[in-house]
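Shown next, in structure tokens, is the structure this report addresses.
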Amino acid sequence: MSGEEKNDAELTAREIIKSYDGRSLRIMEVCGTHTHEIFRLGIRNMLPQNIRLISGPGCPVCVTPTGFIDEAVMLALEKHCTITTFGDLVRVPGTEMSLAGARTKGAHVEIVYSPLDSVTYAEAHPDEQVVFLSVGFETTTPASCISVRQAKQKNLENYSLLTANKTMDNAYAALKDSADAFLYPGHVSVITGTHIYEKLKDEGVSGVVTGFTAGEILTALAVIINGTQKQKPFFRNCYPRVVTEEGNVNAQRLIKETMLPCDSEWRGIGTIPMSGLTLNDSYAAFDSRRKYALPQVTGHPNPACRCGEVLRGSCLPGECSCFGSACTPEHPVGACMVSSEGACAAYYKYGLN
């Protein structure tokens, strides 16, 4: 498509959106990058009042439950493990403290940029028991799988994963009553492919996968408007230059060879059957929960925080009494304000509520 054709398509999409006068329409984006790009590009300001964009559970840090942070703190303070993690997780509140709080009590927490950095650290520090906090959707899970494969090949006995990896397909089904259609995530779809969306369509769930430019997002919204007016489930791939039907087969195979599906708790949503991933028996020695015989932990989030409601689309960030006062990016009360992909962080950054 030429630049002129792209401009024409974007103009047509804008006209479709602007002229929509049908019933109230709820569209849930389930990608933190989409949430921030929609704000940055001013797309919310273009929408008529009868179209509502809902920021769903598209941020892996945000949907990770409080109990996971409590487990990490337990490993750090009671089991004296070195915790390696992406930076966002350090400030996510647990029941009693965050990993940042655990640091003040002597916990050893290292920031890394990849699970493979954790393997390198474990190899260089054989006297430390190293635990990587494996949090993420299908996009980042393969790197965790590679890390344990490398650790096994290197016979590293001081490396393990605390897993909170999640898969998105069952989450869509669990949230289908929260939206009329989904704006499916581009990055995740590169890995999964579009066949899962065709299956969801057959189950009555509608949505469109799209990229991150203004033209791509506007086109996707226009497609959703047209699709919902036909009053039957639909799916369309509006990101074909990157997303294919089969997805990244090698990444899918790697996950299947290393991990098994399991029930998983999502912050604010509850336990979604078979929506998580855990290491299979071949890698049991690298599973922190089994290695350290961790007890089952039930976390308790701050009762004043409404992150859970934000994640399932039943509350806007500004409707939380903590937002912008007790809860800011510098002093977060909930995970949605901590993560750079969180809905509360986006609303705060762009001065909206």
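What spacing in nm lies between the two simple spin-label points modelled at ASP281 and ARG52, each 7 Å away from Cα in the Cβ direction?
Placing both labels 7 Å along Cα→Cβ, they lie 4.8 nm apart.
Could you calculate the FRET efficiency of ASN45 with GLU245 from 1/(1 + (r/R0)^6), where r is the beta carbon distance between them and R0 is 30 Å, rounded to 0.05? Before the final figure, lay out the partial values.
Details: r = 34 Å, r/R0 = 1.15.
Calculated transfer efficiency: 0.30.
Tell me the carbon and sulfur percent of the accessible area for the chain, rounded to whole percent, probe radius 1.4 Å. The partial results should precede the final answer.
Numbers: 7650 of 15630 Å².
Reported share for carbon and sulfur atoms: 49 percent.
To the nearest 0.05, how large is the calculated FRET efficiency for LYS201 and ALA304 if R₀ is 45 Å and r is the Cβ-Cβ distance? Don't skip to the end; give the middle numbers.
On the way: r = 39 Å, r/R0 = 0.87.
Efficiency for this residue pair is about 0.70.
Under a Cβ-only charge scheme (Lys and Arg +1, Asp and Glu -1), can you give me the dipole magnitude of the chain about the Cα centre, in debye to the nearest 20? Show your work: numbers first, answer last.
Values: 32 positive and 38 negative charges, 89 e Å.
Rounded to the nearest 20 debye, it is 420 debye.
Give the lysines reachable from LYS201 as a straight Cα distance under 24 Å; neighbours fewer than 8 places away on the same chain don't count.
Those lysines meeting the cut-off are LYS166, LYS176, LYS230, LYS232.
Just to compare against my own numbers: the Cα pair-distance distribution for the chain, 20 Å bins, whole % per bin, please.
Answer for the chain: a P(r) of 30, 55, 14, 0 percent.
Mean 1/r over all different Cα pairs, inverted: what Kirkwood radius does region 51-159 give, in Å? Before the final figure, lay out the partial values.
On the way: mean 1/r = 0.0685 Å⁻¹.
One over the average 1/r among Cα pairs gives 14.6 Å for region 51-159.
Once you've got the GNM for the chain with C-alpha springs shorter than 10 Å, pick whichever of GLU157, GLU96, GLU203 has the biggest mean-square fluctuation.
The residue that fluctuates most here is GLU203.
Is region 167-229 rounded, prolate or oblate when judged by the Cα gyration tensor, a ≥ b ≥ c being the square roots of its eigenvalues, rounded requiring a/c under 1.5 and prolate requiring a/b larger than b/c? Present the calculation step by step, with values, prior to reporting the outcome.
Values: a/c = 1.87, a/b = 1.16, b/c = 1.61.
Oblate, because a/c is 1.5 or more while a/b does not exceed b/c.
Which value at 222 nm does the chain reach when only helices count, each DSSP H run of 4 or more adding -39,500 (n - 2.57), with the total divided by all residues and rounded to the nearest 500 deg cm²/dmol? Walk me through the intermediate numbers first.
Details: 16 runs with 137 residues, N = 353.
My calculation for the chain gives -10500 deg cm²/dmol from helical runs alone.
Using protein chains only and a probe of 1.4 angstrom, how many square angstrom of PHE68 are accessible, to the nearest 10?
Roughly 10 Å² of PHE68 is accessible to a 1.4 Å probe.
Say a paramagnetic label sat at a point 7 Å from the Cα of CYS262, along Cα to Cβ; which residues of region 279-301 have their backbone N under 17 Å from it?
279-299
Which of ILE111, SER147, GLY136 sits closest to the plus end of the dipole of region 60-155, meaning its Cα is farthest towards the positive end, when Lys and Arg get +1 and Asp and Glu get -1 on the C-beta?
The residue sitting most towards the positive pole is SER147.
Quick check for me: using +1 on Lys/Arg Cβ and -1 on Asp/Glu Cβ, what's the dipole size of region 74-208 about its Cα centre, in debye to the nearest 20?
140
At most 13 other Cβ atoms within 10 Å and a DSSP loop assignment: could you name the trypsin sites (Lys or Arg not before Pro) in region 43-114 that fit?
Details: sites: ARG44, ARG52, LYS79, ARG91, ARG103, LYS105; in loops: LYS79, LYS105.
Hits after loop and neighbour filter: LYS105.
Output the antiparallel fraction of DSSP beta bridges having both residues in the chain, as a percent to the nearest 5. Spell out each step's value before the answer.
On the way: 9 of 39 bridges.
The antiparallel fraction comes to roughly 25 percent.
What FRET efficiency, computed as 1/(1 + (r/R0)^6) with R0 = 30 Å and r the Cβ-Cβ distance, is obtained for ASN226 and TYR350, rounded to the nearest 0.05? Please report the intermediate quantities before stating the final value.
Values: r = 28 Å, r/R0 = 0.94.
Taking R0 as 30 Å, the efficiency between ASN226 and TYR350 is 0.60.
I'd like the distance separating the alpha-carbon centroids of region 86-126 and region 182-219, in whole Å.
33
Which three lengths, in whole Å and largest first, does region 54-99 cover when its Cα atoms are put on their principal axes?
Reported extents, whole Å, longest axis first: 41, 20, 12.
Leaving out ligands and nucleic acids, note down the accessible area per residue over the chain with a 1.4 angstrom probe, in whole Å².
Details: 15630 Å² over 353 residues.
In whole numbers, the chain has 44 Å² accessible per residue.
Sort region 107-178 into rounded, prolate or oblate with this rule: let a ≥ b ≥ c be the square roots of the eigenvalues of the Cα gyration tensor; rounded if a/c is under 1.5, and if a/c is not under 1.5, prolate when a/b is larger than b/c, oblate otherwise.
Values: a/c = 3.28, a/b = 2.34, b/c = 1.40.
Here region 107-178 falls in the prolate category.
Classify region 170-320 as rounded, prolate or oblate from the Cα gyration tensor: take a ≥ b ≥ c as the square roots of its eigenvalues, call it rounded if a/c is under 1.5, otherwise prolate when a/b beats b/c and oblate if not. It would help to have the intermediate numbers written out before the result.
Values: a/c = 2.30, a/b = 1.32, b/c = 1.74.
Oblate.
At most 13 other Cβ atoms within 10 Å and a DSSP loop assignment: could you name the trypsin sites (Lys or Arg not before Pro) in region 195-258 that fit? Please report the intermediate quantities before stating the final value.
Working: sites: LYS199, LYS201, LYS230, ARG236, ARG241, ARG253, LYS256; in loops: LYS230, ARG241.
Answer by residue number: LYS230, ARG241.
What helices does the chain have that are whole DSSP H segments, at least 20 Å long along their own axis by Cα, and with mean Kyte-Doolittle hydropathy of 0.5 or more? Mind showing how you got there, number by number?
On the way: long enough: 3-18 (22 Å, -1.12); 214-229 (23 Å, 1.12).
Both cut-offs are met by 214-229.
The values are calculated or read from the model by the stated rules, or taken from the named source; none is laboratory data. None of these values were measured; they are calculated from a predicted model. Counting neighbours? That spans all protein chains shown, and the Cβs are built from the backbone with ideal geometry, glycine included. To get the accessible areas, we keep the full protein, side chains included, count just its heavy atoms, and leave off ligands, DNA and RNA. Shrake-Rupley method; radii C 1.70, N 1.55, O 1.52, S 1.80 Å.
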